[in-house]
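Notes follow the structure.
The numbers here are math on the coordinates, done by the rules we state, and not lab data. Everything quoted here is computed from the prediction, not taken from an experiment. Cβ atoms come from the backbone with ideal geometry, glycine included; neighbour counts cover every protein chain shown.
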Amino acid sequence: MKGFSIFRAIPLLFLLSSFAAGATAPRISAQMFGVEKKDDIAAYSSSGSGRDVEMLTELVMAAFAEKGLTPVLDVMPSRQLARYALSSGDSPSLVGLQDDIPVKGNYRTVVFYLRGKEGEAELLIFSREGRRADELYRAFNSGLQAILKNGKYRKIVEKHHGRLPENFELKLKGLNPGWK
């Protein structure tokens, strides 16, 4: 055979053997970088929406702290990612708006802030599936009522936005029918 050399055959041999092996590069996963914490609460920050994510986060965490919980809250860069985290079960709850409640599925909500003159409701949306979601729902619901009574709620909101209207507590109570 003219022109045949072992040096030309070696790359061909390697190529043929790689198809048979079916091997690929190692997969990178979050576990390779340490302990991966699962989110308890998903939230999102979107520019121009008028949402004060820092204040909303502070209110949510204060309500949970009142009940001795420190859940993992992840503020995601887009609304779609946060909504997906809730609907896929990656996160048992979501800080969002009425429009963020997934169409399919069974969810319960707690209204915790009214923004703007029209009073657009900020909600904590909880999945009805799973023990953790139920634990978070009960803790937040009672913790929010506690910070409303003890004045922490008012201090947080006034720190960020000035005076609250006098009847805001009655409005929140009206939007959360399970409250006493």
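Ranked by the mean number of other Cβ atoms within 10 Å per residue, highest first, peptides 64-72, 100-108, 88-96 order as 88-96, 64-72, 100-108.
Translational diffusion of region 37-175, estimated by Stokes-Einstein from the Kirkwood radius over alpha carbon pairs at 25 °C in a medium of 0.890 mPa s, is 163 µm² per second. At full extension, residue 135 and residue 54 could sit 26.8 nm farther apart than now, given 0.36 nm per residue minus the alpha carbon distance. Taking 0.36 nm per residue of separation and subtracting the Cα-Cα distance, full extension of the segment from residue 90 to residue 149 would add 18.0 nm. Taking region 37-175 as the region of interest, the number of lysine pairs whose Cα atoms are within less than 24 Å, with members eight or more places apart or on different chains, is 24.
For residue 85, what is the net charge nearby, where nearby means another residue's Cβ is under 12 Å from its Cβ and Lys, Arg count +1, Asp, Glu -1? Once positives and negatives cancel, what remains is -2.
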